[in-house]
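Scroll down for the structure; my scribbles are underneath it.
The values are calculated or read from the model by the stated rules, or taken from the named source; none is laboratory data. The model shown is predicted, which means the values in this text are computed figures rather than measured ones. Cβ placement follows ideal geometry from the backbone for every residue including glycine, while neighbour counts extend to all protein chains displayed.
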Amino acid sequence: MLRRFGWILAFLLISGLLDRTPALAEPQIDVALVVAVDISSSMEAEEQGLQRAGFVEAFRSSLVHEAIRNGAAGRIAVTYVEWSGAKDQTAVVPWTVIDGPEKAIAFADHLAAKPIRQAGMTSISGIIDFSRGLFNELGGMSARRVIDISGDGPNNDGRKVVLARDEAVADGIVINGLPIMFGHAQNSPEMDGLDVYYRECVIGGAGSFMIPLHDSEQFAMVIRTKIMREIAGVEDGSPHVIPAQARMNCITGEKRTDDDLSVQKDP
């Protein structure tokens, strides 16, 4: 009898312990977003200023605040990273959890107070790899991880962009693009087909998209729209570029760099 009572007591104790064991943790934020902005030498001061102002305005926007509030958790995590060459990436504003207008505006104010700098080469593969490391800092806080890349030229430094892209996508990361197609280099070879380059060589993952920017006056509006879509995680299926007649050469930037170096070495 005592032995039977002991087994019942043990069962009740074990059951109590199991009842107090927390369930598997659900994601605490709706999306972890890396805002990755190009500061390479091809970006003029005006472009950089518009780019920075566009993101500042986006996080001050009531429309973005509403998009955050409408998420399942009503919270996102965002970091603002400037990038250039393969070894040049800087988190200007570190990971910040935003769960309301006050924190969104504080994030925008923090960003607005930071100086703008200019660097050298363009390594899209470098910023993709760097961003993957940033996501590791959050653990399993988010069900969705998104890299938002804006830039005005193809990858010309570091490893091939498609290798970095494919590895990130295989890891469940979504990469979206904002090719900047105006400014001093508007008629340069690097700008020709940059939207198609971003579509075929840079973006990837479930629901990934890109929005080419052709007019400086639309900078703030396009950035705000893009951020809202990334927060909501909904792809409307509408095309943003004209389909290419032939597949884009995804090493066009690296080839141009090699050609330039060869010319410099010739006597």
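Screening LYS114 on (1) under 14 Å from the mean Cα position of the chain (by Cα); (2) under 19 Å from THR96 (Cβ atoms) shows it passes everything except condition (1).
Okay, residues lined up against (1) closer than 30 Å to ILE68 by Cα; (2) at pLDDT below 95; (3) of a type in the set (A, V, I, L, M):
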site: GLY126; (1), (2), (3): yes, no, no
site: GLY139; (1), (2), (3): yes, yes, no
site: ALA168; (1), (2), (3): yes, no, yes
site: MET191; (1), (2), (3): no, yes, yes
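Do any residues in region 36-54 that are in a strand (DSSP E or B) have Cβ atoms under 9 Å from those of residues that are at pLDDT below 90, where the two are at least six apart or on different chains, and which pairs are they? Taking only residues 6 or more apart or on different chains, the pairs are VAL37/MET43; ASP38/GLU47. Within region 205-227, residues that are in a loop (DSSP other than H, G, I, E, B) reach partners that are of a type in the set (Phe, Trp, Tyr) with beta carbons closer than 6 Å, at six or more positions or on different chains, in the pairs HIS214/PHE182.
Determine which member of the set SER125, SER142 is within 18 Å of SER40 (Cα to Cα) and among the small types (Gly, Ala, Ser). Talk me through it step by step, then tell me what you get.
On the way: SER142 fails: within 18 Å of SER40 (Cα to Cα).
Every option except SER125 fails the conditions.
The single condition among (1) buried (at least 18 other Cβ atoms within 10 Å of the Cβ); (2) not in a loop (DSSP other than H, G, I, E, B) that ASP109 does not meet is (1). Considering region 124-181, and only residues there that are among the hydrophobic types (A, V, I, L, M, F, W, C) and in a loop (DSSP other than H, G, I, E, B), the residue that is surrounded by the most Cβ atoms within 10 Å (Cβ to Cβ) turns out to be ILE173.
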